[in-house]
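Written out below as structure tokens is the structure these notes cover.
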Amino acid sequence: MKKKLLGLTLDELKAICLEEGLPAFTAKQICQWLYRKRAVSFSAMTNLSLKARELLESKYEIGAVPFSRFARSKDGTKKYLFDIGEKGEGFPGNFIEAVMIPDEDRKTLCVSSQAGCRMGCRFCMTGRQGFHGNLEAARILSQFFCIEEAEELTNAVFMGMGEPLDNLDNVLRAIEVLTADWGCGWSPKRITLSSIGINRLVGSNAQGKKSPLERFLDECKAHLAISLHNPFHPERLQIMPSEAAFPIEETLKIIRRYDFTGQRRVSFEYIMFKGLNDTPRHARALASMLKGLECRVNLIRFHDIGDTEFLPSPMMTITAFQEILQKAGITATLRASRGQDIEAACGMLSGKESGFVKE
Ligand code: SF4
């Protein structure tokens, strides 16, 4: 199999050029073609010598995956389907989705980091389908580079399919490409990673090592959003089985050790389920849990995904909940739902082929 170049750093490309007997400056040119001009073939790299292009073509591939279908919402949101089913790579016929959300002068991409997810949140379509594999950096970056709005994207949220801290190396690599001077040159302030909060490393050689959450906070400057959804351990456990291994209290202990008073922000996502987590008791406990932390709470009305016992909270209940938080000094906003008609809203991504326009 040919080595993929998409997702490699400038230093890694320099090492390849050295190995192949190409001048070191070729690496910088390749970076520009890959990350600024989004070239999908070596023949497009016209300022590289013919010899360099032929050599690269014979031994390497770019690794960009085009989208196979898309669906457009009446509110302008667009959901893209990527076929990542390549034999031999552990993805037997699987699809992932990315959602482009336009909002005034912004175009935000909601990007997937895994095919499926192992966290199993009970209110989420992705969680229901189980885990199929981690996306390598080239697959994550393809969602940015291969959609029709690639040149217009202003922001990114790692809130699509998968738990990004469960595929941290590839996610950090993609963020490095997006933010490096030799890459796309984005400010990390344009990127938010959303997680259930993987607050410890699991496995036999985990002793003494940093948790994925700490590594993310130490190794990049992107914003953090934590899926909280319930302040009480036994109740959060009922809707998020990952609470057993990664209790929210431990996640908050880590977050409190970092500075969120400057450029970097932390926010908490709170999906509101009727009668389950939307009472004044929950609002007061949430306010006390977040007391003293510079943060924001995003309240999200549950989107019915069918075949569940969950119901969306009434708007009046959500407003009352928001008021309790605000009176306690916590900034709480109600997040507008986007792309619900094409199943592109929060928790609705399933990787199903139906409902898309074929390209
Ligand atoms: Fe995974 Fe996020 Fe869905 Fe939970 S909500 S199952 S972490 S994709």
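The values are calculated or read from the model by the stated rules, or taken from the named source; none is laboratory data. Since we're looking at a predicted model, the values are computed, not measured. Here Cβ is always computed from backbone atoms with ideal geometry, including for glycine, and neighbour counts include all displayed protein chains. Ligands, DNA and RNA are excluded from the accessible area calculation, which covers all protein heavy atoms including side chains. Shrake-Rupley method; radii C 1.70, N 1.55, O 1.52, S 1.80 Å.
Let me make sure I get this right: for the stretch 197-280, a, b and c are the square roots of the gyration tensor eigenvalues over alpha carbons, sorted descending. Under 1.5 in a/c it's rounded, otherwise prolate if a/b > b/c, else oblate. Which is it? It comes out oblate by the Cα gyration axes. In this structure, Glu323 and Arg265 have a Cβ-Cβ separation that, at R0 = 30 Å, corresponds to a calculated FRET efficiency of about 0.85.
At full extension, Lys2 and Lys28 could sit 7.3 nm farther apart than now, given 0.36 nm per residue minus the alpha carbon distance.
The lysines within cross-link reach of Lys221, meaning a Cα-to-Cα straight distance under 16 Å and a gap of 8 or more places when in the same chain, are Lys189. What is the calculated FRET efficiency for Asp304 to Glu149, with r their C-beta to C-beta distance and R₀ = 25 Å, to the nearest 0.05? Working from the Cβ atoms, E equals 0.35.
Think of the stretch 1-110 as a dipole: +1 on every Lys or Arg Cβ, -1 on every Asp or Glu Cβ, centred on the Cα centre; then among Ser49, Phe95, Ile84, Ser49 lies furthest on the positive end. Please report the antiparallel percentage of the DSSP beta bridges confined to the chain, to the nearest 5. Here the antiparallel bridges make up roughly 45 percent for the chain. Aspartates and glutamates within cross-link reach of Lys352: Cα-Cα under 13 Å, excluding same-chain residues under 8 positions apart? Straight-line reach from Lys352, under 13 Å: Asp83, Glu97, Glu343. Straight Cα distances below 19 angstrom link Lys291 to the aspartates and glutamates Glu249, Glu250, Asp259, Glu269, Asp278, Glu323, with same-chain residues fewer than 8 positions distant left out. Rolling a 1.4 Å probe across the protein heavy atoms gives the stretch 69-358 an accessible surface of 43 Å² per residue.
Calculated accessible area for the stretch 3-61 comes out at 52 Å² per residue, all protein chains present (probe 1.4 Å; ligands, DNA, RNA ignored). Translational diffusion of the chain, estimated by Stokes-Einstein from the Kirkwood radius over alpha carbon pairs at 37 °C in a medium of 0.692 mPa s, is 153 µm² per second. Put Ser288, Ser313 in order of accessible area, highest first, and with a 1.4 Å probe you get Ser288, Ser313. Considering only Ile330, Gln114, Gly262, the residue lying farthest towards the positive end of the dipole of the stretch 69-358 is Ile330, judged by Cα position with unit charges set on Cβ.
Given +1 at the Cβ of Lys and Arg, -1 at the Cβ of Asp and Glu and no other charges, the dipole of the stretch 3-61 around its Cα centre is 240 debye to the nearest 20. Placing +1 on the Cβ of every Lys and Arg and -1 on the Cβ of every Asp and Glu, with no other charges, gives the chain a dipole of roughly 500 debye about its Cα centre. Mean residue ellipticity at 222 nm, helices only, the chain: -8000 deg cm²/dmol; runs of at least 4 DSSP H residues each add -39,500 (n - 2.57), and the sum is divided by the number of residues. The share of accessible area on the stretch 3-61 that comes from carbon and sulfur is 56 percent, using a 1.4 angstrom probe.
Each other residue within a Cβ distance under 12 Å of Ile318 adds +1 if Lys or Arg and -1 if Asp or Glu, for a net charge of +1.
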